[in-house]
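Each remark here refers to the structure printed beneath this line.
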Amino acid sequence: MTKVITYGTFDLLHEGHYRLLKRAKELGDYLIVGVTTEAYDKARGKLNVVDSLVTRIENVKKTGFADEIIVEESVGQKVNDIRKYQIDIFTVGSDWVGVFDYLQDYCRVVYLERTKNISSTMLREQNSPIHRVGIIGTGRIAERFIPEAKLVSGVSTQGVYNPHRESAERFARKWEINAYEDVEKFYDAIDLVYIASPHETHYGYIKAALEHGKHVLCEKPMVLQKAQAEELYASAREKQLVLMEGIKTAYCPGFHKLLGIACSGTIGSIRNVEACFTKLEQTGRRELTDRAYGGSFTELGSYVMLPVLKLFGKDYEDIRFDSICDEKGLDLFTKVSLRYPAGIATATCGLGVKSEGRLLVAGTKGYIVAEAPWWKTSYFEVHYEDPGRVEKYSETFLGDGLRYEISDFLSLINGNGDRAFQLTQGESIGLAGMMERFLEKRVVDTERLFRDGQTEV
Ligand code: CTP
């Protein structure tokens with residue numbers, strides 16, 4: 001019996017896939033089809049896959065050519081599958097010519113001619129028009145957005161708005177997009193908004209964008225008060241618009257792999273989460289001079305609170321903030337300690353104190369550790385009581401990682417798959433609540449500092 005294997009995403013199954021599978025089956029007696037997982041597609045930079053894994057498998061099954069369907073989860077799996085299933089022929093379309101020649105050491109490799117003028121990418125683009133994105137803000141993160149958005153099919157950056165005309169024009173020149181000073185003209189020219197302006201301006205911009213009927217992706221921290229987050233999500237729901245908080249870690253495949261393993265029971269029940277992220281900031285930058293909204297926690301708190309919220313939830317029993325502040329009361333280093341019914345957590349961040357950036361998840365049977373930059377999760381280890389037993393996991397994190405959140409934002413807008421679990425509205429509201437508590441405490445502490453005459457305003 002001649003055994004054949006082929007692999008693919010098979011998104012929006014089309015004529016090209018059908019013909020490929022038919023010819024693959026004709027090459028032998030038994031055909032195995034490997035269908036890629038969402039996480040693997042994301043990790044290899046294939047964003048915006050529309051159909052879920054289950055639908056793609058169902059569609060392959062319906063062609064009637066596959067004798068067996070398996071799931072392809074990672075790079076390097078093909079060699080193992082070929083050995084395991086004792087494959088005689090590996091086949092794939094001619095768009096891959098040469099790429100899989102290395103498999104010739106294990107079996108015959110056949111490249112079948114690709115069917116012309118059809119692809120999943122084409123169908124995805126036909127099904128969903130290109131969305132024009134407008135950026136609000138012209139800072140460092142806004143700069144990162146444009147090259148990342150270019151890698152996601154279905155979006156094109158149209159223009160930038162900044163009330164400071166010169167900043168908008170400088171930014172627009174650099175990225176060859178339009179600059180808008182008039183906010184109405186800006187909204188007329190776009191379909192979606194990406195907000196990367198100073199934290200305290202987010203609320204007003206989101207509200208206005210939703211009122212103009214635009215979907216919104218807003219940088220973290222989305223807002224600084226719980227009630228504001230609740231109001232904005234309710235408004236988006238009512239208007240049937242997507243509002244998403246952009247914490248890049250929340251959408252990257254490696255972080256989800258880590259969460260999946262943490263929750264799988266491998267390390268037992270989770271009892272302790274420790275997350276730390278420090279980034280020394282140059283003096284004079286807004287993050288270290290804006291007394292009302294700058295500082296470590298507003299800047300980095302969303303990252304360190306994210307694993308805590310994902311693993312323990314938002315219903316903590318107790319929360320305590322301890323900060324090291326500069327003479328004006330701005331936190332250079334903040335440690336948040338939380339107590340939950342099932343465990344404890346600490347989240348540490350700093351702009352003026354350097355520490356070891358690490359994520360540690362400790363359970364009753366073992367622990368997971370991811371070193372810096374764990375917020376761009378690409379590698380982590382699982383350790384057990386037996387020090388000789390260490391499991392190592394890696395996952396691709398491409399570029400600046402914003403492509404993952406842009407792709408998920410688009411999927412939500414196009415109604416493709418439910419990716420909202422990656423950062424739920426409840427979690428985003430929970431984060432706004434923590435920002436609010438933190439800022440309230442900082443105001444009280446700063447007032448006390450000045451009252452006690454330790455410093456001058
Ligand atoms: N294929 C083909 N003819 C096409 C499209 C795909 O023969 N017109 C083959 C590919 O070469 C591959 C298999 O079908 O062997 C699965 O391809 P996949 O990547 O899932 O499909 P594409 O349409 O190429 O998807 P995309 O546009 O997302 O790259």
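Computed from the coordinates by the stated procedures, all read-outs in this text should not be read as laboratory data. Keep in mind the model is a prediction, meaning the values are calculated, not measured. Neighbour counts are summed over all protein chains in view; Cβ atoms, including those assigned to glycine, are modelled from backbone coordinates with ideal geometry.
With the helix formula -39500 (n - 2.57) applied to DSSP H stretches of n ≥ 4, the chain reaches a computed 222 nm mean residue ellipticity of -11000 deg cm²/dmol. Under 5 Å from the amide H of residue 220 lie the amide H atoms of 246, each residue being 5 or more positions distant or on a separate chain, with H modelled from the backbone and absent for Pro and chain starts. Given a Förster distance of 41 angstrom, what is the FRET efficiency for residue 231 paired with residue 85, based on the Cβ-Cβ distance and rounded to 0.05? It comes out at approximately 0.15.
Mind sorting 296, 120, 235 by how few other Cβ atoms lie within 10 Å of their own Cβ, fewest first? Listing 296, 120, 235 from fewest to most nearby Cβ atoms yields 235, 120, 296.
Taking the mean number of other Cβ atoms within 10 Å as a proxy for protection, how do you rank 281-294, 180-193, 212-225 from highest to lowest? Could the numbers behind the result be given before it?
Details: 281-294: 14.9, 180-193: 17.3, 212-225: 22.9.
Result, highest mean first: 212-225, 180-193, 281-294.
Which of the three applies to segment 235-346, rounded, prolate or oblate, going by the alpha-carbon gyration tensor with a ≥ b ≥ c and a/c under 1.5 meaning rounded? Oblate, because a/c is 1.5 or more while a/b does not exceed b/c. A P(r) calculated from all alpha carbon pairs of segment 375-416, with 10 Å bins opening at zero, reads 24, 30, 25, 15, 6 percent. Taking the alpha carbon gyration tensor of segment 211-287, multiplying each eigenvalue by 5 and rooting it gives semi-axes of 29, 22, 12 Å, largest first. Using the alpha carbons alone, the radius of gyration of segment 13-162 stands to its Kirkwood radius in an Rg to Rh ratio of 1.06. Ordering 256, 164, 202 from the fewest to the most neighbouring beta carbons within 10 Å gives 164, 256, 202. Excluding same-chain neighbours fewer than eight residues apart, the lysines reachable from residue 392 by a Cα-Cα span under 25 Å are 42, 46, 78, 84, 248, 257, 310, 365, 376. Pairwise Cα separations in the chain fall into 10 Å bins from 0 onward with the following percentages, short to long: 4, 18, 25, 24, 17, 9, 2, 1, 0.
Please rank 53, 306, fewest neighbouring Cβ atoms within 10 Å first, as an exposure proxy.
53, 306
To the nearest ten degrees, helix 140-149 and the longest principal axis of the Cα atoms of the chain are 20 degrees apart.
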